[in-house]
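FYI, it's all coordinate maths here, none of it is from the lab. All figures in this text were calculated on a predicted structure; none of them were measured in a lab. Because the Cβ atoms are built from the backbone with ideal geometry, glycine has one as well, and the counts that use them run over all protein chains shown.
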Amino acid sequence: MIRFLILLLLGLLAWASPARAQEPDHRALVAALAEGGFSEKEAAIQAVAATGDPSLVAVLEAMGDGALYTRKSDGLVLIGEEDRRQITLIDPLTRETLETVGSREVERVRVNNRLRRALSAAIGAMTLLSPDPNVRSEAAQSVFRSADPEALETLDEALARESDDNVRARLEQARAAALLETDADLETKRAAIDVITARGDRDALSLLVALRASSEGELQEAAATGAAAIERRLKRWEIAQHITYGISLGSVLLLAAIGLAITFGVMGVINMAHGEMVMLGAYTTFVVQEAIRSYYPPLFDSSLFIAIPLAFLVTGIIGIAIERGIIRWLYGRPLETLLATWGLSLVLQQAVRSLFGPTNREVGNPSWMSGAIEIGALTITANRLWILVFSLAVFAALMLILKRTSFGLEMRAVTQNRQMAGAMGIRTGRIDAMTFGLGSGVAGLAGVALSQIDNVSPNLGQGYIIDSFMVVVFGGVGNLWGTLTGAMTLGIVNKFLEPYAGAVLAKILVLVFIILFIQKRPRGLFAQRGRAVEA
Amino acid sequence: MFLTRHLGPGGWWFLLAIAAVAVAVPYCNLVLPPAHPFHANSYIVSLLGKYLTYALLALAVDLIWGFCGILSLGHGAFFALGGYAMGMYLMRQIGDRGVYANPLLPDFMVFLNWTELPWYWWGFSSFPYAMLMVLLVPGALAFVFGWFAFRSRVTGVYLSIITQAVTYALLLAFFRNDMGFGGNNGLTDFKDILGYPLQAGSTRAALFAASAIALALGFLIARAVTGSKLGKVLVAIRDAESRTRFLGYRVEHYKLFVFTLSAMMAGVAGALYVPQVGIINPGEFSPANSIEIVIWVAVGGRGTLVGAVVGAGLVNYGKTVFTTAMPELWLFALGALFIAVTLFLPRGVLGALGDYVEWMRRQKPDPLAHIEAQRQARREEAESTEHFLALAAQARAEREAAPAE
């Protein structure tokens, strides 16, 4: 994209600028690029760079890409675009398309790695003066990597003109890198090392490591200190990155498990069809998006806002139906509940498979959910961030419902003492159904979120059911805070183990850890105490 | 004397039925000519043999669930471990007849550029050692797991969920190539067992008979356990665990014993399953498989042993019919079965049958019924007379007490 912009810009410049008057001169410079051995070519490249004329950047870029050719008929050096052995020739100075020839009629100007380095340094130096700050920043970056002392003059010129702070910082870093290659005095070089250390990314690290290997004495020491500082910094960022990944995984686990924390934790009902509620939520999102695509495409960005209440309603109503139809006959027989809901999950899976087909369905990300945010060396994708926000919002909403509404009060009353609650006039059967509906509805919400990061297939729920149970059991049954802590802990532990053990082994280790943990604390991290325990 | 004491008439009939099947199926396969209407082809023999191993597996689950209340959702793991132990023996029997013709290593190891056999594969070229492992590996896992779980009193659904996590963890582990168990593809391409080619009809028939014998032995062992004093304690644990503990029984020891025994039975079932099916892969560890075993037992009727065998046969026959005729509908049927059995047939087919027989017996007119009815009427009459007299006496006493006031 940037390259295209440069080309466009340069094309315009070349066409309009007085550089046309110097054309024969430029023509000779370009011709020199194709002559002689690699050392002569390198000299020619530096000669082109010395003009500082941005119109010649395209030639150098074409040379680096292997798209510079010598026409055999007249020896002219031209830019060529190859397409299936046919080469379209373009004049490098006038930018006119000349002709399309077979590959036999031209000869490619050959380059080696040394020339490629020289080219990128030259291009970097020449684009440092571009009016576009992005191009300048990019150029500073490439000069930094090549650390070419030849670019120093251009860098100083660019620094004098620079107004953008970010680009200025980049330029200064590039200048520091270039300075280290010159025979400047120790103090200057020390200052340069400090500038590079402050930059603190992988490029800076590799530069300093190279310097540490090539220099000696005090300079080597300074380079070593700088490299060590960067390494420490990167290590810290790496830990921060693991934690963010872990929190992201934790938020997904939280979403998947929190509905279960209500049905299993509060009601004591083992709902093996919980994963299928998540899956139905994801399919609701799919249906909503399909409807929007075919009837009113501009609405696509708000598809999730439509899907959220719909998914809650759909899965909530299905949940109420399940409670009224099956589960209420099985209260007090948890193992039977487990089997019946497992059967139900098979039926739901097969129903979805028959309706929507067994393959993954495409659920798109709205535009505000794509992209990423960078903080220092951290990259956080926007959808992960939104899911974290969403899961915390769902958690907060559930806490509010449980603690601050009359429905929540009645729900807790029924959980704690069914007979007494009934005697006080609470319709316990209705509360059971509503609670189960709430838990299932929350699972549907999880489905909307998971549709953004996972494959929407009939097996979607299966992948989460065991993890969800682990989270609830680990966190402690009947306690939403426990579920939050459990989800985040398991997420972070999993992500910290992954780099050492690999994804699958990390998962196995976490499972083993939970299994051992349950032996130690059979009622989870936040165990209920008192009478409710044995109820 | 054990047989007469614990087996009961139902048990005898069951053993006779197994013996009949063990003789009849190989006979129909080997002796009867292919044109004969009762000829059983090798597909049928393998299929029925598979059912028998499933029945043994169901028996193992019934032993712990029906008699001790431990609902294991991970029994497929023990089955698969037994199967892998057998599979490893069969892999070693291939020798240099594999695709890569490597005399030392199985094909998948050659493929992974391994140069020597991992230590846990040592000894598997010996049949007795492999059979020992079939028992020991599932047994050891069950023992270690049960040791931790039962001692810390993890019970009920918690235990079920954790057993499910165990089999899930094993599933993930066995999918890994560097575990050294063939990864995704598992172990397959077996050639022969004890020198007899696996494809031969006689070998298949022998494996079938072995499965029948194993099932019969498993049934006898299970009956011996449930019929003994130990079995009574197990049922007590199932019905009132805390009370049993307070009476002085070491509940966790009983549970650990029966859980380990059951895991070993499952391991044997797996070991017999693999040569008849010809493959073992990590899919056998999937939690869904383990839950399906539980439904076999539930359909047959838990706590009956015979019911587990009947249930395994019924459900798997249904599965074979459905998946060949209308594969789309199989999961619907299985799911509906889960729901229907838990809601309407909590004691399974055998339990419902028992209830029906009981009900029929009550319906049958009793020849002495009218005499009993007369007696009852007279007794009631006498009681009401007594009651009247008592009331009259009380009234008189009150009347006499009244003037004193």
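Among the lysines, select those whose C-alpha is under 27 Å from the C-alpha of A:Lys72, and discard any that sit fewer than 8 residues away in the same chain.
Cross-link targets: A:Lys41.
Based solely on its DSSP helices, what 222 nm [θ] is calculated for the protein assembly as shown when runs of n ≥ 4 H residues each add -39,500 (n - 2.57) and the sum is averaged over all residues, nearest 500 deg cm²/dmol?
Numbers: 37 runs with 656 residues, N = 940.
Taken over the protein assembly as shown, the calculation gives -23500 deg cm²/dmol.
Partner chain Cβ atoms within 10 Å, averaged over the residues of A:511-519 - can you pull that number for me? Please list the in-between numbers first.
Details: counts 8, 4, 0, 4, 9, 1, 0, 9, 10.
Mean number of neighbouring Cβ atoms from other chains: 5.
How big is the dipole moment of chain A about its Cα centre under a simple scheme where the beta carbon of each Lys and Arg is +1, that of each Asp and Glu is -1, and everything else is neutral? Debye, nearest 20, please. Before the final figure, lay out the partial values.
Details: 50 positive and 53 negative charges, 738 e Å.
The dipole magnitude comes to about 3540 debye.
If I build a Gaussian network model for chain B, linking alpha-carbon pairs within less than 10 angstrom, which residue out of B:Thr167, B:Thr244, B:Thr324 has the largest mean-square fluctuation?
Maximum fluctuation in the GNM of chain B, among the listed residues, is at B:Thr324.
Over all directions, average the projected area of the Cα convex hull of the stretch A:421-492 and note it in nm².
Working: hull surface 24.9 nm².
Value for the stretch A:421-492: 6.2 nm².
Taking each residue in B:149-162, count the Cβ atoms of any other chain within 10 Å of its Cβ, then average. What number comes out? Intermediate results must be reported in sequence, preceding the final value.
Numbers: counts 4, 1, 1, 5, 2, 6, 1, 4, 11, 8, 2, 6, 12, 9.
Partner Cβ neighbours, averaged per residue: 5.
What helices in chain B pass both tests, a Cα length along the helix axis of 24 Å or more and a mean Kyte hydropathy of 1.6 or higher, using whole DSSP H runs?
Values: long enough: B:8-30 (34 Å, 1.38); B:42-68 (38 Å, 1.46); B:75-94 (29 Å, 0.67); B:127-151 (35 Å, 1.68); B:156-175 (29 Å, 1.74); B:201-227 (38 Å, 1.37); B:251-277 (38 Å, 1.05); B:306-325 (29 Å, 1.03); B:327-344 (25 Å, 1.91); B:369-401 (48 Å, -0.98).
Going by DSSP H runs, the hits are B:127-151, B:156-175, B:327-344.
Determine the distance separating the Cα centre of the stretch B:159-224 from the Cα centre of the stretch A:379-443; give it in Å without decimals.
45 Å
Along the charge dipole of the protein assembly as shown, which of B:Gly69, A:Ala396, B:Phe124 sits closest to the positive end, that is, farthest toward it, with unit charges on the beta carbon of Lys, Arg, Asp and Glu (+1, +1, -1, -1)?
B:Gly69
Compute the helix-to-body angle for A:165-181: its Cα long axis versus the longest principal axis of chain A, expressed 0 to 90° and rounded to tens.
Rounded to the nearest ten degrees, it is 60.
Which net charge results when you count Lys and Arg as +1 and Asp and Glu as -1 among the other residues whose beta-carbon is under 12 Å from that of B:Phe127?
Details: positive: B:Arg92; negative: B:Asp192.
Result for the neighbourhood of B:Phe127: 0.
Once you've got the Cα coordinates, tell me which of A:Lys235/A:Lys520; A:Lys520/B:Lys229; B:Lys50/B:Lys191; A:Lys507/B:Lys319; A:Lys403/A:Lys507 are over 27 Å apart.
Numbers: A:Lys235/A:Lys520 34 Å; A:Lys520/B:Lys229 32 Å; B:Lys50/B:Lys191 19 Å; A:Lys507/B:Lys319 33 Å; A:Lys403/A:Lys507 34 Å.
Going by Cα-Cα distance, A:Lys235/A:Lys520; A:Lys520/B:Lys229; A:Lys507/B:Lys319; A:Lys403/A:Lys507 fall outside the 27 Å limit.
Most fluctuating residue of B:Ala236, B:Ala206, B:Ala382 in a GNM of chain B with Cα springs under 10 Å: which is it?
B:Ala382
Count the net charge of all other residues whose Cβ sits under 14 Å from the Cβ of A:Phe300, scoring Lys and Arg as +1 and Asp and Glu as -1.
Numbers: positive: A:Arg293; negative: A:Glu290, A:Asp301, A:Glu362.
Local charge sum for A:Phe300: -2.
Can you pull the mean other chain C-beta count within 10 Å for peptide A:469-475?
3
Taking the Cα atoms only, what angle lies between the long axis of helix A:503-520 and the longest principal axis of chain A, rounded to 10 degrees?
Relative to chain A, helix A:503-520 is tipped by roughly 30 degrees.
Where nothing but the Cβ of Lys and Arg (+1) and of Asp and Glu (-1) is charged, how large is the charge dipole of the stretch A:238-534 around its Cα centre, in debye to the nearest 20?
Details: 20 positive and 14 negative charges, 203 e Å.
The calculation lands at about 980 debye.
What order do you get for A:332-341, A:246-255 when each peptide is scored by the mean count of other beta carbon atoms within 10 Å, highest first?
On the way: A:332-341: 20.7, A:246-255: 24.5.
Order by mean packing, descending: A:246-255, A:332-341.
Give the residue list of trypsin sites (Lys or Arg not before Pro) in the stretch A:188-278 that are DSSP loop and have at most 16 other beta-carbon atoms within 10 angstrom.
Numbers: sites: A:Lys189, A:Arg190, A:Arg199, A:Arg202, A:Arg212, A:Arg232, A:Arg233, A:Lys235, A:Arg236; in loops: none.
Passing both the DSSP loop test and the Cβ count: no residue.
If we count other beta carbons within 10 Å of each Cβ, what is the order of B:Ser46, A:Ser457, B:Ser228, fewest first? The partial results should precede the final answer.
Values: B:Ser46 17, A:Ser457 21, B:Ser228 14.
Placing the least packed residue first, the sequence is B:Ser228, B:Ser46, A:Ser457.
Looking at the square roots a ≥ b ≥ c of the eigenvalues of the Cα gyration tensor of the stretch B:109-235, which shape do they give, rounded for a/c under 1.5, prolate if a/b is larger than b/c, or oblate?
oblate
Highest first, please rank the peptides A:318-325, B:88-95, A:70-77 by the mean number of other Cβ atoms sitting within 10 Å of their residues. Please report the intermediate quantities before stating the final value.
Working: A:318-325: 20.1, B:88-95: 21.6, A:70-77: 14.5.
Highest-to-lowest ranking by the protection proxy: B:88-95, A:318-325, A:70-77.
Taking only the C-alpha atoms, wrap a convex hull around the stretch A:103-197 and report its volume per residue in Å³ as a whole number. Can you show the working numbers first?
Details: hull volume 11.3 nm³, N = 95.
Cα-based convex hull of the stretch A:103-197, divided per residue, equals 119 Å³.
GNM on chain B, C-alpha springs below 10 Å: top fluctuator among B:Ser160, B:Ser262, B:Ser152?
Top of the fluctuation ranking is B:Ser152.
Would you mind pulling out the separation of the Cα centroids of the stretch A:201-253 and the stretch A:103-117, in Å?
If we compute the Cα centre of each part, the gap is 37 Å.
For chain B, state what percent of all Cα-Cα pairs lands in each successive 10 Å bin, counting from 0 Å until the bin that includes the largest distance.
Spelled out bin by bin, chain B gives 5, 19, 26, 21, 12, 6, 4, 3, 2, 1, 1, 0 percent.
As I understand it, the value is the acute angle between the Cα axis of helix A:23-32 and the longest principal axis of the Cα atoms of chain A; what does it come to in degrees, rounded to 10?
80 degrees
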